[in-house]
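*Asks:* Supplied in structure tokens, the structure appears directly below.
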Amino acid sequence: GCFVAVFDVITERKRAEEALRASDLRFKTIFNEAPLGIALFDSLTGHVCAVNPMFAKIAGRTVEEMADIDWMSITHPDDVQEDLDKMALLNAGKISGFQMEKRYLHHDGTPVWINMTIAPIYVADKAHPRHLSMIEDITQRKGAEEALRNSEARLQVLIQTIPDLIWLKDAEGVYLKCNPMFERFFGAKEADIVGKADYVFV
């Protein structure tokens, strides 16, 4: 009877160990192959505890280089304080996580825009809190937004300076925008024209 009981206990322990190994392998595969950058940081010092290849790539470093740095050293100086302020709130338990857009700097100083999500994770050692950082590269999107802003600014200058009457209406004939020449023609300021239709003025 004793031998069978001991055998069952050993067999059950072996099954549990095998399940744990399989679970660990699945986690490592997901972590290493994830299309998002994922890193585990020390919440107090900012040092990297673990980082996946995508995170290192977005940050312009190797996985090995990431092991020797903290997030402040790769963050654009203009973005550090906002991140520190949010981390202070996280460490004080006032927020449960946060999201922000900021810039990392590659070795050559090239900025890369990231969308970052921060979430604390449970650790038994409360003296060394950890947080998970998930990032995606949004540099192209930021570039497109900047190009659109520049284009809109050039169009606005053109609309404001061209000597012709320019206006924009919606499908119902309500004015959405007009230029100074149109204001002079109607004898009213744009703020008084926008939101109204022709019948108000004619």
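*Asks:* Scan segment 34-47 for residues that are under 18 Å from residue 98 (Cα atoms) and not in a loop (DSSP other than H, G, I, E, B) and report the count.
*Replies:* Summing the residues that are under 18 Å from residue 98 (Cα atoms) and not in a loop (DSSP other than H, G, I, E, B) in segment 34-47 gives 6.
*Asks:* Hey, another quick one. Please pick out the residue among 142, 102, 196 that is in contact with a His (Cβ under 8 Å, 6 or more places away or on another chain) and of a type outside the set (Gly, Ala, Ser).
*Replies:* 102
*Asks:* Select from segment 72-103 the residues that are farther than 15 Å from residue 115 by Cβ and in contact (Cβ under 8 Å) with a residue 24 or more places away in the chain and list them in ascending order. Talk me through it step by step, then tell me what you get.
*Replies:* Of all residues in segment 72-103, those farther than 15 Å from residue 115 by Cβ come to 72-74, 77-78, 80-81, 84-85, 87-96.
Once the filter is applied, which keeps residues that are farther than 15 Å from residue 115 by Cβ and in contact (Cβ under 8 Å) with a residue 24 or more places away in the chain, segment 72-103 yields 72, 74, 78, 87, 90, 91, 96.
*Asks:* To continue, here is another question. Would you mention how many residues in segment 176-193 are modelled with pLDDT under 90 and open to solvent by less than 60 Å² (accessible area, probe 1.4 Å)?
*Replies:* Total meeting the criteria: 1.
*Asks:* So, one more: For the list (1) out of contact with any Pro (no Cβ under 9 Å at 6 or more places or on another chain); (2) buried (at least 16 other Cβ atoms within 10 Å of the Cβ), I need the number of the one condition that residue 54 fails.
*Replies:* Against the list (1) out of contact with any Pro (no Cβ under 9 Å at 6 or more places or on another chain); (2) buried (at least 16 other Cβ atoms within 10 Å of the Cβ), residue 54 comes up short only on (1).
*Asks:* Here's another thing I want to ask about it. Does residue 184 satisfy the criteria of being of a type outside the set (Asp, Glu), within 30 Å of residue 97 (Cα to Cα) and not in a loop (DSSP other than H, G, I, E, B)?
*Replies:* No: the conditions fail for residue 184.
*Asks:* Residue 140 - would you say it is assigned to a helix (DSSP H, G or I), at pLDDT below 90 and open to solvent by 60 Å² or more (accessible area, probe 1.4 Å)?
*Replies:* Taking the combined requirement at face value, the residue does not satisfy it.
*Asks:* Six or more apart or on different chains, Cβ under 7 Å: which pairs go from a residue in segment 149-168 that's under 19 Å from residue 191 (Cβ atoms) to one that's open to solvent by 100 Å² or more (accessible area, probe 1.4 Å) and modelled with pLDDT of 90 or more? Could you list them?
*Replies:* The qualifying pairs do not exist here.
*Asks:* Could you count how many residues in segment 109-130 are touching a residue at least 40 places away in the same chain (Cβ under 8 Å) and either over 18 Å from the mean Cα position of the chain (by Cα) or open to solvent by 50 Å² or more (accessible area, probe 1.4 Å) (or both)? Even if it seems obvious, please write down each step before you answer.
*Replies:* Step one: filter segment 109-130 for residues touching a residue at least 40 places away in the same chain (Cβ under 8 Å), giving 110, 112, 114, 120-121, 128-130.
Filter once more, so that each one left must be either over 18 Å from the mean Cα position of the chain (by Cα) or open to solvent by 50 Å² or more (accessible area, probe 1.4 Å) (or both): 110, 120-121, 128-130.
Number satisfying all stated conditions: 6.
*Asks:* Of the numbered conditions (1) surrounded by 11 or more Cβ atoms within 10 Å (Cβ to Cβ); (2) assigned to a helix (DSSP H, G or I); (3) more than 38 Å from the chain's Cα centre (by Cα), residue 196 satisfies every one except a single condition; which is it?
*Replies:* (2)
*Asks:* How many residues are under 12 Å from residue 44 (Cα atoms), in a helix (DSSP H, G or I) and touching a Lys or Arg at 6+ places or on another chain (Cβ under 9 Å) if we restrict to segment 80-133?
*Replies:* Of the residues in that region, 1 qualify.
*Asks:* So in segment 57-79, with the set limited to residues that are assigned to a loop (DSSP other than H, G, I, E, B) and either over 22 Å from residue 34 (Cβ atoms) or not small (Gly, Ala, Ser) (or both), which one is modelled with the lowest pLDDT? Can you show your working first?
*Replies:* First pass over segment 57-79, keeping only residues assigned to a loop (DSSP other than H, G, I, E, B): 59-62, 67-69, 76.
Keeping just the survivors that are either over 22 Å from residue 34 (Cβ atoms) or not small (Gly, Ala, Ser) (or both) gives 61-62, 68-69, 76.
Numbers: 61: 96, 62: 94, 68: 85, 69: 91, 76: 97.
This residue is 68.
The values are calculated or read from the model by the stated rules, or taken from the named source; none is laboratory data. Only a predicted model underlies this, so the values are computations on that prediction, with no experimental measurement involved. Methodologically, a virtual Cβ is constructed for each residue, glycine included, from the backbone with ideal geometry; neighbour enumeration extends over all protein chains shown. Surface accessibility is based on the protein's heavy atoms, side chains included, excluding ligands, DNA and RNA. Shrake-Rupley method; radii C 1.70, N 1.55, O 1.52, S 1.80 Å.
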